[in-house]
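One structure is given below, encoded as structure tokens.
The values are calculated or read from the model by the stated rules, or taken from the named source; none is laboratory data. Keep in mind it's a predicted model, so treat the numbers as computed, not measured. Note: ideal-geometry Cβ built from the backbone for every residue, glycine included; neighbour counts use all protein chains shown. Accessible surface areas use protein heavy atoms only, side chains included; no ligands, DNA or RNA. Shrake-Rupley method; radii C 1.70, N 1.55, O 1.52, S 1.80 Å.
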Amino acid sequence: MPLIEVQIDDKSYSVEEKTTILQACRQYGIPLPSVCYHPRLTHNPGKCGVCVVELWSTDGTISFVSSCITELTKGMKVRTSSSALAHRRLYATAELEDRIRHPLPTTVAPDAHFSAIHSQVLSGATLDSPAIHIDPALCIGCERCVRVCGDVQCVDALALDCATGRVSLDAADSVADSQCISCGQCTLMCPTGAATEQSEVEKVLQLIREGEGEVCAMIAPSVRIGFAELFGLEPGAISLGQLVHYLKTIGFDRVFDVQVGADLTVIEESYELVQRLFDPSATRPLPIITSCCPGWVELARRKYPDLLEHLSTCKSPAEMLAETIRLHHDRKNSQSPRPMIVSLMPCTAKKVEKSWPHYSRAVDAVLTVRELADPKLRGRVAGDPQSWPEAWLDDPFGPSSSSASLFAVTGGVMRAALRTGGQFLSQGSDLLKNCEWMPRIENIDSVESVQWNLDVSDLGKVRSTSLQFGDQTLNVAIASGGAVAQRLMNELRAWKSTESAESTPPYHFIEIMACPGGCLGGGGMPRSEDAEIVAKRGKVVHSRDELPGVTRRSDENPVIKELYDEFFSFPGSDEAHAHLHADAEPITLSCKYVAPTAHEVAGIPVYYATQGGTARGIAADTAETLQQNGWDSEAVPLTTDPADVLGHDLVLFVVSTAGNGDFPPASNSFWQSLSRWRDSLSIRYDILGLGDSSYSRFCQAANDLDEVLQTLGARRISESLTRRDSSAPLSKQHAVVEAWTDSILSDLGPSPNAVTLEPTLDMAVFITSEPPVIAVPRGFIAVRVLTNTLLNQTRRTSLIRLKCPTRKLAFTAESWIAVLPRNRPGDAMLACQAIGASPLETIVVEHLTPLLPDCLAPRPPPLAPMRLVEVMRQYIALYDSPTRKLCRYLQSVATVQDDLVDSFCDPDKPALAEAVEAGLTVFEVLLKTRPKVGLSRAIAMLPRQRARLYSAASAPKSGIVDLFVTRSDVPDQCRPGLCSTFICDSRHGDNLLISIRPGHFSPVTTNAVLIGLGCGFAPMRAFLHSLPRGCSALVYYGVKTRADICLGDELADLTRRGTIQELHIVVENEGPPDLGRPFFVTDALRRDSETVAEFVNQGACIRLCGPKGVGGLFEAAFSDILGEERWVEVKERIYEAETN
């Protein structure tokens, strides 16, 4: 691939085309943090925002992009560090940390499923199996575990819960009862420790402290390769002898090598292969499939119980060695307690294997490579690892062949078995007895002539070849990774369904390992962000196999010969079968996930093949549009059998293109099956292809699907294939989708069941793969809460002090402070789930109507990618009372009918009163109806979050703004999230979004008569603190009871300093006894009429601070005090400071 020149941090670098910024930084060692990206995953990252960088254009403008998804182009200038980037990364990191600190929605979940999830996280419960520990409370929603489980392994045991935005199980109550094969790939990918192996460190330490017998450790081949990485060293940098020293220092009595068990496996499996090939009395069919990988066996037991007869009956090397250790002890040291055996493995599935019912449970505990670095173990061994002395493996289970070391890498088991199997057939072996059926074959292809070395580019496909065993052609295949293994097994299952007695199997010998790359990529190996790490480990393994003077074949190992002489007689003997073999048993799950099929979908299915979620969103919107026009429709993932998909008269497809023009991984099995379809089709169909025209294979997956369907006779509705280009302007992308939907509706014709209650759209919403941003609403800025002080228990009034950036915020004592509330994060997530959308979906909004410049109900910024949950939290008024029109529309598209909503929609009932009486909110209506509605309609129909105006309660100095906020006692005004409650719940360090709105009066420049009623005390206080030097005020502060007085000490202090000339606190229930009614401020003014009149006549202004319309209350009082003529003269100097 050609190189291009780019600049990163003012330095020039040469990189290949199509290289992302993050990949280039990793290549050249430029520090750049990331969380959701992993080089060995093909999922769409860009979710966390931590790897953000600056792009500098030629005109000097700067844009912020996620480096993990932005490809470098010629001449591009990138900056990886600046104060702006530090702020964005800090914010993004704080958001991730906040998800861990506050994992729960605060609202009761609407149904049993979500209630279970919420209560599970509330109680700190985890999703556990004997191998895997998952703690949803630590999950940040990066989806790395979900993607590796679904795309790489095709197990689909994990999902991202729509309500919590955290990892959960896909249609299962526990990990043990799910489709999980315990491969542990999720634990390799998780950046926060939400998914880890089930630790057995404490159990092992207890065995060392309290065990009666010797505690023996067994080292697997991969462990000696990956152990050094725990200390930041290259693979294999710590020798086997140093590892043995580490283990013995920890407290293990004896240390053995699992490679001895691997040599046993080679002998038994080679014999079994030759027996199935040439022994007429063999009862097991071909092909024979390796069984040494417990993750693969778990997969076969769950998904391929009909093919278990093809598995080799050989136990894994670790189990074989453990059995042999126990047998050796029972024969030679039966008087002493049996040894406790601990396996050191690269594999989390080994923790499940040791408890399999068809095994004898010879292993007591399993530690992964990562567990060896546990501080409880590491703390027992002093010194630098590379300075540790060498120690020796213990007899008799130490020496092994180099073939045994190949078990660590994909293809290694095949290579080792063919070495020994070829020896059995060509020259025989001293181990063989009672093998009269075994032929002698001279012309056997050397397995060394076949290139089995690990190639990372081959990990995603089945590798196969043929070798000649005399006249017999031996077809062999290798697969590593769950997805590749299932592809191979589906091919075998298809052959078995059509095989005849004379048919030849597609393969004779198959090696399968569950983890990509084999044990070197196992779920218990050290975590690594190096895309080449498995290949690097593989090179170490192959280099050791090629050392001169090593024992190459397992049958040449003298230890193996001794074991057969003493315990097992010969390969395949009764003794060998009793201890070294077992038949795998199928697993029946009580909660098995069944993917929906087209036969279960009523009406018109809209199938989507999605890579990053865009196709899913468009399919859902298309299905919703069809429903709005009276047609039954449903969006369904394209993961089922073609026979189910093609079982309708009309089928719609929304297809993304992945990789090099391929189908997305989750839909690849459908495409592979359809490619072999031969029956003619009479269906109608249409396809919307999604892609990027900057790639040469633009919409290739959609093109291929269209070509196959037309070849089979299906008829496309549109004249040509419709393609949506993600590099085009969003308005054009929207127009393409809209035109495609219109063509489908035109072909269908009108429906009498069409719904006519659609809301008017003022914006269009699109799902995007762009990195999300946290965009402050237009006209608002973020300010930090310094203090929140409760001033008054009776009225529950709080003083909220805000720290504002003075350069961005200019306010006066006369200003109004507009505060924009936010909904609770958990409720926002539930609202997203209620409309059938993922909270973590990234969307962009295109405004179809203009926005007023001074609107108190802002809309999401146009074309800024934001997470849906952020839009729902900041811009939608979830706690408002719903209108009847909204309820009627939601009822028309509801998937659940609710009696309360039905009664509220009754036109004979007063709408608002009914809502207040029932305490009904928009949020509750969404949960009760769960409407089937697209994102554009959802965002358009729901009421906007409106800012509330508060009078400033302080003078503008040092960027401090004080607000007086009182919690309302009115039931419909104290719902969570309404503005006053929202502000009163804020704490030190929280951010509030505010905007300054000018008042309609001029600043105070003279003496003043200040009148404050109730909450009007806030602007009155601001005026007091902003009086010019030498000016003073007459203050009349009206309250209902003395308990309602706020900041009395501060008022007294201002009086002592002369700012307040006279302070009159007027308490309604403390008037003259003979008055016979409450005593009001107007009464106090009339009582002091001479003083007030003199003050006003000397040029003092008047400020009336209180509820709206407060001026009318004082009209008569001031007319009496000043005289009607004088009152008309000075009336223009009265300004009302209205408060909310």
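If you consider only alpha-carbon coordinates, what radius of gyration and Dmax does region 985-1067 have, in Å?
14.6, 39
Could you provide, to the nearest whole Å², the per residue accessible area of the chain with probe 1.4 Å?
For the chain, the solvent-accessible area averages 41 Å² per residue.
Only bridges whose two residues both fall in the chain count here: according to DSSP, what percent of them are antiparallel, nearest 5?
50
Run the accessible area of region 353-454 with a 1.4 Å probe and give the carbon-and-sulfur part as a rounded percent.
Roughly 46 percent of what the probe reaches on region 353-454 is carbon or sulfur.
For Cys48, what residues show an amide H to amide H distance below 5 Å, using hydrogens built from the backbone and excluding near sequence neighbours?
Sorted by chain and number, the residues that satisfy this are Cys36.
Expressed as an acute angle from 0 to 90° and rounded to the nearest 10, what is the orientation of the C-alpha long axis of helix 412-426 relative to the principal long axis of the chain?
10
Residue by residue through region 553-559, which ³J(HN,Hα) values in whole Hz follow from phi under the Karplus form 6.51 cos²θ - 1.76 cosθ + 1.60 (θ = phi - 60°), with glycine and proline marked x?
9, 5, 6, 8, 6, x, 4
Amide H to amide H, which residues 5 or more places from Ser1032 or on other chains are under 5 Å from it, using H placed in the peptide plane?
Residues meeting the amide H criterion: Asn1007, Ala1008.
Taking N as the number of residues in the chain, what is its Cα Rg relative to 2.2 N^0.38 Å?
Ratio of Rg to 2.2 N^0.38 Å for the chain: 1.17.
Can you check what the Kirkwood hydrodynamic radius comes to for region 184-272, Cα pairs only, in Å to one decimal?
15.4
Taking square-rooted eigenvalues a ≥ b ≥ c of the alpha carbon gyration tensor, is region 338-378 rounded, prolate or oblate, where a/c under 1.5 means rounded and, failing that, a/b exceeding b/c means prolate?
Taking the square roots of the gyration eigenvalues as a ≥ b ≥ c, region 338-378 is oblate.
Solvent-accessible area of Ile683, probe 1.4 Å, all protein chains present, reported in Å² to the nearest ten, please.
Answer for Ile683: close to 10 Å² accessible.
For region 462-569, what percent of Cα pairs sit more than 23 Å apart?
Here the tail beyond 23 Å accounts for 55 percent of pairs.
Placing unit charges on C-beta atoms (Lys and Arg positive, Asp and Glu negative, everything else neutral), compute the dipole magnitude of region 223-280 about its Cα centre in debye, rounded to 20.
280
May I ask you to evaluate 6.51 cos²θ - 1.76 cosθ + 1.60, the Karplus curve with θ = phi - 60°, for each residue of region 940-946 and list the ³J(HN,Hα) values in order in whole Hz, giving x for glycine and proline?
Calculated HN-Hα couplings, in order: 6, 7, 7, x, 7, 5, 10 Hz.
Hey, can you grab everything whose amide H is under 5 Å from the amide H of Ala220? Only 5+ residues off in sequence or another chain; H modelled, so Pro and N-termini drop out.
For Ala220, the qualifying residues are Val258, Leu344.
For Thr93 and Ile587 in the same chain, what is the full-extension length gain: residue separation times 0.36 nm, less their Cα-Cα distance, in nm?
Separation in residues times 0.36 nm, less the Cα-Cα distance, equals 173.6 nm.
Take the solvent-accessible surface of the protein heavy atoms, probe 1.4 Å, and return the percent of it on region 524-585 that carbon and sulfur atoms account for.
Here carbon and sulfur together make up 48 percent of the probe-accessible area.
In nanometres, what is the gap between the two model label sites at Ser199 and Asp985, each 7 Å from Cα along Cα-to-Cβ?
Label at Ser199, label at Asp985, 3.5 nm between them.
Do the sum for the chain: with -39,500 (n - 2.57) for every DSSP H run of n ≥ 4, divided by all residues, what is the mean residue ellipticity at 222 nm, to the nearest 500 deg cm²/dmol?
-9000 deg cm²/dmol
Step through the residues of region 838-846 one at a time and calculate ³J(HN,Hα) from phi using the Karplus curve (6.51 cos²θ - 1.76 cosθ + 1.60, θ = phi - 60°), rounding each to whole Hz and writing x for Gly and Pro.
Working through the residues one at a time gives 7, x, 8, 4, 8, 10, 10, 10, 10 Hz.
If I model a spin label as a point 7 Å beyond the Cα along the Cα-Cβ vector, how far apart are those points for His847 and Asp1053 in nm?
4.4
Taking a probe of 1.4 angstrom, what is the accessible area of Thr895 in Å², to the nearest 10?
90
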